[in-house]
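Take a look at the structure below.
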Amino acid sequence: MQSLIPEISFTQKKLKFDMASIDLRVSYLSILALLNFVFVFVTGTDFVRFISFRAIYHNITGGSALCQESVPWSVALRDTSVLKAVCVDLILLALFTVQHSVLAWPPVKQACQSVLGVLNRAMYCSTTALALQALMRFWQPVTNAPCLWSVHDAPWDIWFPLICFVFHFLAWAIIFSILLIFDYGELLGIKQVYYECLGMGDPLALKSARAQRLYAHLRHPVCLELGVVLWLLPTFPLDRFLLAGYLTIYLALAHSLDTQDCAYLSVQLRSKMQIFSIPPGGSGQALSTTANNNNHKHD
């Protein structure tokens, strides 16, 4: 009996050490996930200001000219300051593309997953935010070239910026709503850490096969709304054309929706509409029956 006492004591110490290690790992993962969320959130706020409202406010407040209407294109395209700004902007866009595409390439993604594990998605979001911060901080406006268009005749010089503001506000509201629907916690890497701490595995693996297929083809479901934000402006200088054109082409090439994905989205939309169409006094049994019928019919 006495010989078992040291073994019991050793087991208890080992158990306490393992529990302390688990608590330390959970704290470590939680802190990193929180820092990633804060950095991505701040970057997203800066990006909204950079790509949208700053350009609109510039027209409303009457800031310095964004372009030179008196300079012909033949002269502007030979101006070294214009060419330098264009080259810098294209390099920044290319760096963002390399980061966003290379880290999403399956071989690189698997290698990062094997090293970072549950923090892989958070790392991807952090590096994306870092690339966007570099783009915003070092972006070079092209002020010595003509604008592609500029609304400066009364009364549209006041009304059109306000109209743009309304459309931009609605577009960003839709974008943020879609991000909430598409599980922003998993998109930002927070849910992966949370599930890991609870021992529940990968949250994406718990979704249906059709949902996983859709997520693989459409990780940024905001093409139309972002297109409105990129192109609808009262003044459109050359550097904005580079930004809008480059990102529009990149978004168009990055998505690969097919008929199966569209059918799945249609089914999910009809299911949600049926749920919202049930009156407040409707029974929970009717709601459950509707959901089950949709699942059996389409999955």
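Please arrange Ser30, Ser70, Ser52, Ser150 by how many other C-beta atoms lie within 10 Å of their C-beta, fewest to most.
Values: Ser30 14, Ser70 7, Ser52 23, Ser150 18.
In order of increasing Cβ crowding within 10 Å: Ser70, Ser30, Ser150, Ser52.
Quick one: if you stick a label point 7 Å off each Cα along the C-beta vector at Val88 and Ile181, how many nm between them?
It works out to 4.0 nm between the two label points.
Work out, step by step, the length gained on full extension between Cys223 and Val42: first 0.36 nm times the residue separation, then minus their alpha carbon distance; give nm to one decimal.
Values: separation 181, 0.36 × 181 = 65.16 nm, distance 2.18 nm.
That pair, Cys223 and Val42, stretches by 63.0 nm at full extension.
Students often check this: by mean Cβ neighbours within 10 Å, which of 222-231, 158-167 ranks highest, and how do the rest follow? Write down the numbers at each step before the final one.
Numbers: 222-231: 17.4, 158-167: 15.8.
Descending mean neighbour count gives 222-231, 158-167.
What is the mean projected area of the alpha carbon convex hull for the stretch 22-257, to one decimal in square nanometres?
Values: hull surface 58.6 nm².
Spelled out: convex hull of the Cα atoms, projected over all directions, averaged, 14.6 nm².
What distance in nm separates the two pseudo spin-label positions at Asp79 and Leu116, each 7 Å out from Cα along the beta-carbon direction?
It works out to 4.1 nm between the two label points.
What is the Cα coordinate range of the stretch 44-113 on the first, second and third principal axes, sorted by size from largest, in whole angstrom?
Projected onto the principal axes, the Cα atoms of the stretch 44-113 cover 53, 31, 13 Å.
By how many nm would the segment from Arg49 to Ser30 grow when fully extended, if each residue of separation counts as 0.36 nm and the alpha-carbon distance is taken off? It would help to have the intermediate numbers written out before the result.
Values: separation 19, 0.36 × 19 = 6.84 nm, distance 2.88 nm.
Result: 4.0 nm gained on full extension.
Since every read-out is calculated from the coordinates, none of them should be taken as a lab result. Computed from a predicted model, the values in this text were never measured in an experiment. Here the Cβ is made from the backbone with ideal geometry for all residues, glycine too, and neighbour counts use every protein chain on show.
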